[in-house]
Amino acid sequence: MSTRGDSGNHGAFVLRLADSNLVLAQRLGEWIGHAPALEEDLGLANTALDLLGQARLLLTYAGALEGRGRDEDALAYLREEGEYLNCALAEQPNGDFGDTLARQFLFDAWQLPLYERLASSRDPQLAAIAARGVKEARYHLRYSSGWVVRLGDGTAESHGRVQGSLERLWPYTAELFDADDIDRAMQVAGIGVDLGAVRVDWEQTVAAVLAEATLARPGDRPWHWYGKRGEHGEHLGHMLAQMQALQRAHPGARW
């Protein structure tokens with residue numbers, strides 16, 4: 001467990017995980033009633049619910065580590081945009097169905113090996129949350145990668161569109177593996193993980209799926225605008241305005 005000196009890093013590390021799940025769950029929820037088929041409507045909704053369930057556990061734990069009396073609702077609904085620490089990939093707009101599945105695939109291919117390693121964290125509460133999330137993350141990856149293959153190895157139009165999706169989203173993946181002071185402190189403490197090792201697994205998964213989908217791996221490009229440091233584009237603010245509207249209009253409201 002964290003010492004007095006790194007308790008702030010500990011809380012921020014957990015909050016990053018929570019926020020990425022929360023924001024992506026909200027994005028996927030925007031598809032409900034709009035997906036191209038009922039089955040996919042349900043598939044995206046189920047993924048959103050899984051991510052939201054994980055986010056609730058992580059937000060509650062982050063609040064406890066913070067020690068300021070903020071519960072999961074306060075952290076979810078009553079922070080300003082710059083206080084959210086989600087990865088920038090999660091907040092990108094849904095776009096078309098191919099954009100959404102490409103974003104989900106890139107995220108899932110990262111989250112599964114991350115959770116697998118966090119399940120051995122020296123933080124027993126974080127390890128338990130990650131161990132529970134592994135099964136869900138494995139299903140999410142199977143679902144999203146299956147769609148990437150279907151779209152990539154489908155028609156000329158679907159191939160071209162999902163290739164374009166990957167090209168647009170690829171720069172945001174740099175953040176997932178670029179360790180900063182918080183990541184390094186948590187790895188040294190045995191709470192976090194080696195992001196370099198996570199990247200090795202991610203690269204292998206991505207390479208295999210893209211090969212099956214007849215898609216080309218986009219080239220890496222420098223990118224240093226990171227959501228996990230509270231640096232966000234315009235899209236997150238618009239999303240939060242909708243997500244937080246009820247709570248801010250009626251603070252403390254209960255059903």
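The values are calculated or read from the model by the stated rules, or taken from the named source; none is laboratory data. Fair warning: this is a prediction, and the values are worked out from it, not measured in the lab. Note that each Cβ is placed from the backbone with ideal geometry, even for glycine, and that neighbours are counted across all protein chains shown.
Scanning segment 165-211 for residues that are under 19 Å from ASP108 (Cα atoms) and either among the small types (Gly, Ala, Ser) or not in a helix (DSSP H, G or I) (or both) yields SER165, ALA174, ASP178, ALA179, GLY192, VAL193, ASP194, GLY196, ALA197, ALA207, ALA208, ALA211.
Here's the yes/no breakdown for (1) within 21 Å of ARG138 (Cβ to Cβ); (2) out of contact with any Asp or Glu (no Cβ under 8 Å at 6 or more places or on another chain); (3) assigned to a helix (DSSP H, G or I):
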position	(1), (2), (3)
PHE13	no, no, yes
SER20	yes, yes, yes
HIS34	no, no, no
ASN46	yes, yes, yes
TYR61	no, yes, yes
ASP73	no, yes, yes
ARG79	no, yes, no
ASN86	no, no, no
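Within segment 214-232, the set of residues being at pLDDT below 90 and surrounded by fewer than 13 Cβ atoms within 10 Å (Cβ to Cβ) comprises ARG221, PRO222, HIS224.
Can we say MET239 is touching a helix residue (DSSP H, G or I) at 6+ places or on another chain (Cβ under 9 Å) and modelled with pLDDT under 95? So MET239 passes the test.
Scoring ARG168 on the criteria (1) closer than 18 Å to ALA102 by Cα; (2) exposed (fewer than 14 other Cβ atoms within 10 Å of the Cβ); (3) of a type in the set (D, E, K, R); (4) modelled with pLDDT of 95 or more leaves a single failure, condition (2). Taken together, GLU80, GLU30, GLU66 contain a single residue that is under 30 Å from GLY98 (Cβ atoms) and of a type in the set (Asp, Glu), which is GLU30. For the residues VAL162, VAL188, VAL149, the requirement of being β-branched (Val, Ile, Thr), out of contact with any strand residue (DSSP E or B) (no Cβ under 8 Å at 6 or more places or on another chain) and without any contact (Cβ under 8 Å) to a residue 12 or more places away in the chain singles out VAL188. Filtered by the rule that a residue be in contact with a helix residue (DSSP H, G or I) (Cβ under 6 Å, 6 or more places away or on another chain), modelled with pLDDT of 95 or more and more than 27 Å from GLY233 (Cβ to Cβ), segment 38-93 gives LEU57, THR60, TYR61, LEU65.
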